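So the structure is just underneath, and the comments pick up after that.
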Amino acid sequence: MMRFVRVLVPVPARRAVRSRLDARYVTRAGLRESVEKSRADLRKTREDLRKTREDLRQTQEELRASVQEGKGASQEIRKLGQEFKAERKKDAAHLQDMTNGLRQLEALVQEVTALRAEVRQLRQLKTAVTKAGEAAATGHQLALQTAEALDHVLQNEARVWQAVDGLTERTAATDQ
Amino acid sequence: MRVKWTVADDVWNLTFLLDPEDEITGNCSDGAALELRTNSCQIRLPKGATNGANVHPDLLAVAAWTVVAPWTRQKVTFDRPISPALAEVFRTHWNVDAGPVGGDPRSGTRLGISYSGGADSMAAADMFPDAPFIHFQRISHPRVPNRWSFYRSDVLAGLAQETARETGREVTTVQSDLEFLLRLPRPGYPEHHAVTVGALLLADELDLGGIALGYELGSRWLGGDRYTHRYSPDNPMWSADGKWGRLMSAVGLPMVLPVGGLSEPVTMRIAMESDLAPYVRWCLRGDRSGPCQKCAKCLRKELILAAVERRPLRTALSADSTPARKWQEPPPYGGQETIEYGCAHVPGIEHTPFAKAAAHLQATEESTRWLEHCYAPAIAEIPERWRKQVDAYIADKVGLMTEDEVRRVETWGTR
């Protein structure tokens, strides 16, 4: 029959079936092979387990380290937060400073404007003072000249009375 | 010259009219050329100071004469009769016909002091602690614009009043504009004796029998200031027998020069040691706060004071400043004996405005020692009733000159 089958069934299919049929029938050698294979598998599994544990421990350590790191980070964050707050406060002060500075600047601008006005006024005043000084000098000179002139008038008055008296005397003498 | 006095409320007005031969130019008794400005002035006595117009005519005549003498050539006619004795002095010592004549001479007993507040009159005042002061205060003339307002006669008068308040001395201030009668050289006394017009008008009220003045050795005997630079026993202004001395005596107000024999350094020392010292003031320009320290007078007096105190000169004035100008010229100087004393006694004089004068004068402590003592003939000249007091004071505080020192006075200006 087999021969028959062999004739009727193409080679590839025949091979596939035969391999199936072979597998169903385990031989001793096959069993031994299988046991060893299982042992090898077990060894491999153990090895895997050990590796896994190793991994786990490593992971745990890493985790612990991470936790540690996390703590550090959180501290840093807190610090950064504080710094940020301080910075913000500083910023506020700075802002206040700037505001004050601005106000002062405004005041200065006003002052400069006032000073400019004053300078203008003083310039006008200087001109006025110069003019007044000139007027005073002229006035002083005139006062001196007037006083000098008055001196001569007063002197002449004395002389006139002297002449009048002399004339009166002479007239009186002539009359007699 | 015709003189007329009018009075109202203790203000005496003097008006004078020139005779044909009179002129508006003339000379002071010291020889200085003068020019008249106007012919009226006033003398203001303190309110109620006199009993109306009852001032002796001789006093009025001499008061007027201190103002009109330079312009009068031959004759003076007063508005009330003067005593024959006074008329006689006018004739003999002035060659002036004065009248009308009539009435009795006057006399008095007390010594008054013509007190300026400077060191010299203060020294004189120190010799007579009970004598009343008469202070002359310049006021403006109603007809003359006052261009000399820097002259602070009000400050000086204030100091005189303060002296009265603080020391209890009797002080009478008399105001007058008579200095403005002078046009040239500048306002001032036509005759130096015009400073006594107040004493003359008040002589009867105060019973004055003499008037003390602060003229010192230089002015009286050495012909100092404007006068000639020579020994001047015959000084027409201040000698007892000179024309002014005789005139003042004739009206019962002989001149007394208590410090006539003392040099300026000595009067300065006496003044500074006197109880009046806090009120001393020679500066005519300073205000109430003190002397100006900038005028020629301040500079000169500082030299004397520094010499007396034997200390360096304190002045901000430099040699090229106007007040120091005359000390850059060679001598003679007015009051040269004082400058010599100063130059000899002020340490570091070569660094002061007096450096050049000091180099010219070459004075030493030895060569100026005579100035530390009194010239005795000056005491002999003082009327007898006050002579003893001066004599005692000088013996106590100064001492007399030796014969050699006397010779320094009497040969002054000849070597």
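Can you list the helices (runs of 4 or more DSSP H) lying wholly within segment B:344-409 that have 1 or more residues being within 26 Å of B:LEU111 (Cα to Cα)?
Hits in segment B:344-409: B:376-380, B:384-397.
Would you mind stating whether A:GLY139 is part of a helix (DSSP H, G or I) and within 14 Å of chain B (Cβ to nearest Cβ)?
Yes: the conditions hold for A:GLY139.
Determine which single condition B:ARG314 fails, assuming it passes every other condition in (1) more than 13 Å from B:ALA296 (Cα to Cα); (2) among the charged types (D, E, K, R); (3) open to solvent by 10 Å² or more (accessible area, probe 1.4 Å); (4) not in a loop (DSSP other than H, G, I, E, B).
(4)
Right, B:VAL409: in contact with a Pro (Cβ under 8 Å, 6 or more places away or on another chain) and either at pLDDT below 95 or within 26 Å of B:LEU257 (Cα to Cα) (or both) or not?
no
Kindly indicate the residue of segment B:149-184 that is in a strand (DSSP E or B) and open to solvent by 10 Å² or more (accessible area, probe 1.4 Å) and also nearest to A:HIS152 (Cα to Cα) among those meeting that condition.
It comes out as B:ARG183.
Name the strands (runs of 3 or more DSSP E) wholly inside segment B:7-78 in which the number of residues that are over 17 Å from B:VAL197 (Cα atoms) is 1 or more.
Counting at least 1 such residues, we get B:11-17, B:25-27, B:33-36.
Kindly list the number of the only condition in (1) closer than 30 Å to B:GLU273 by Cα; (2) open to solvent by 10 Å² or more (accessible area, probe 1.4 Å); (3) not small (Gly, Ala, Ser) that fails for B:ASN95.
That leaves (1) as the condition not met.
So in segment B:1-31, with the set limited to residues that are touching a Gly at 6+ places or on another chain (Cβ under 9 Å) and at the interface with chain A (Cβ under 10 Å from one of its Cβ atoms), which one is surrounded by the fewest Cβ atoms within 10 Å (Cβ to Cβ)?
Residue satisfying both the conditions and the ranking: B:PRO20.
So which residues in segment B:32-44 are of a type outside the set (Lys, Arg) and either open to solvent by 10 Å² or more (accessible area, probe 1.4 Å) or within 14 Å of another protein chain (Cβ to nearest Cβ) (or both)?
Once the filter is applied, which keeps residues that are of a type outside the set (Lys, Arg) and either open to solvent by 10 Å² or more (accessible area, probe 1.4 Å) or within 14 Å of another protein chain (Cβ to nearest Cβ) (or both), segment B:32-44 yields B:ALA32, B:ALA33, B:LEU34, B:GLU35, B:LEU36, B:THR38, B:ASN39, B:SER40, B:CYS41, B:GLN42.
Does segment A:161-172 hold any residues that are open to solvent by less than 60 Å² (accessible area, probe 1.4 Å), farther than 14 Å from B:THR25 by Cβ and at the interface with chain B (Cβ under 8 Å from one of its Cβ atoms), and which are they?
A:ASP165, A:GLY166 - these are the residues of segment A:161-172 that are open to solvent by less than 60 Å² (accessible area, probe 1.4 Å), farther than 14 Å from B:THR25 by Cβ and at the interface with chain B (Cβ under 8 Å from one of its Cβ atoms).
With the requirement that a residue be within 29 Å of the chain's Cα centre (by Cα) and open to solvent by 100 Å² or more (accessible area, probe 1.4 Å), what does segment A:63-79 give you?
Within segment A:63-79, A:GLN75, A:GLU76, A:ILE77, A:ARG78, A:LYS79 meet the criteria.
When you scan segment B:130-137, do you find a residue that is away from chain A (no Cβ under 14 Å) and within 16 Å of B:ARG385 (Cα to Cα), even just one?
yes
For segment A:142-160, how many residues are within 9 Å of chain B (Cβ to nearest Cβ) and either open to solvent by less than 50 Å² (accessible area, probe 1.4 Å) or farther than 22 Å from B:PRO187 by Cβ (or both)?
Total satisfying the criteria: 5.
Yes or no: segment B:77-88 includes at least one residue that is within 23 Å of the chain's Cα centre (by Cα) and open to solvent by 10 Å² or more (accessible area, probe 1.4 Å).
no
The values are calculated or read from the model by the stated rules, or taken from the named source; none is laboratory data. Fair warning: this is a prediction, and the values are worked out from it, not measured in the lab. So basically every Cβ, Gly included, is an ideal-geometry build from the backbone, and we count neighbours across all protein chains shown. SASA here: full protein model, heavy atoms, side chains in, ligands and nucleic acids out. Shrake-Rupley method; radii C 1.70, N 1.55, O 1.52, S 1.80 Å.
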